[in-house]
Amino acid sequence: LTIDDPSKRQQQAQAVIELMGFLNPHLRNVEDFRHKLWDHLFYISDFTLKVESPYPIPQKATYKSKPDPLSYPKRHPKYSHLG
């Protein structure tokens, strides 16, 4: 965030991605492993990092949105507990 040179900033971002890959070797078998790492990098920087990503840059609104609550059935038990 404080590196002014764009090429140097890009190199540092790629180095961070490589480091994140080394720290999680069990995820290398996941199909979109690098895509997840780039998404995590933008999430860690609070989406303020200005680097070129080989994948689409995630939007902040998609991570801040909450899913709709599940509607559970309102059935009462047929038999009550007796013990």
Next item on the list: Among P67, L19, Y55, pick out the residue whose Cα is farthest towards the positive end of the charge dipole of the chain, where Lys and Arg carry +1 and Asp and Glu carry -1 on C-beta, about the Cα centre.
Entry: P67
Check: Within the chain, which chymotrypsin sites (Phe, Trp or Tyr not before Pro) sit in a loop by DSSP and count at most 14 neighbouring Cβ atoms inside 10 Å?
Finding: F47, Y79
Notebook entry, point to check: Once the other residues with Cβ under 12 Å from the Cβ of A15 are scored (Lys, Arg +1; Asp, Glu -1), what is the net sum?
Noted result: +1
Notebook entry, point to check: What ranking do R28, R34 get, fewest neighbouring Cβ atoms within 10 angstrom at the top?
Noted result: R28, R34
Checklist line | GluC sites (Glu not before Pro) within segment 16-83: DSSP coil, no more than 15 neighbouring Cβ in 10 Å | finding: E31, E52
Next item on the list: Please report the relative contact order for segment 6-59, taking Cα pairs under 8 Å with a sequence separation of at least 6, and give it as a percent rounded to a whole number.
Entry: 38 percent
Item checked: Helix-derived mean residue ellipticity, 222 nm - over the chain, DSSP H n ≥ 4, -39500 (n - 2.57), to 500 -> -13000 deg cm²/dmol
Next item on the list: For segment 57-69, just list the computed ³J(HN,Hα) in residue order, Karplus coefficients 6.51, -1.76 and 1.60, θ = phi - 60°, integers in Hz, with x standing in for Gly and Pro.
Entry: 6, x, 9, 5, 5, 6, 7, 8, 6, 9, x, 5, x
Next item on the list: Can you tell me the dipole magnitude for the chain around its Cα centre, using point charges on the Cβ only (Lys, Arg +1; Asp, Glu -1), in Debye to the nearest 20?
Entry: 620 debye
Next item on the list: Rounded to whole Å and ordered largest first, report the semi-axes of the equivalent ellipsoid of segment 6-59 derived from its Cα gyration tensor (root of 5λ).
Entry: 19, 13, 9
Next item on the list: Report, in degrees rounded to the nearest 10, the 0 to 90 angle that the Cα long axis of helix 33-44 makes with the longest principal axis of the chain.
Entry: 90 degrees
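Throughout, read-outs are computed from the coordinates displayed, never taken from laboratory work. Keep in mind that this is a model prediction, so the values were computed, not measured. In this analysis, Cβ positions are derived from the backbone assuming ideal geometry, glycine residues included, and neighbour counts consider all displayed protein chains.
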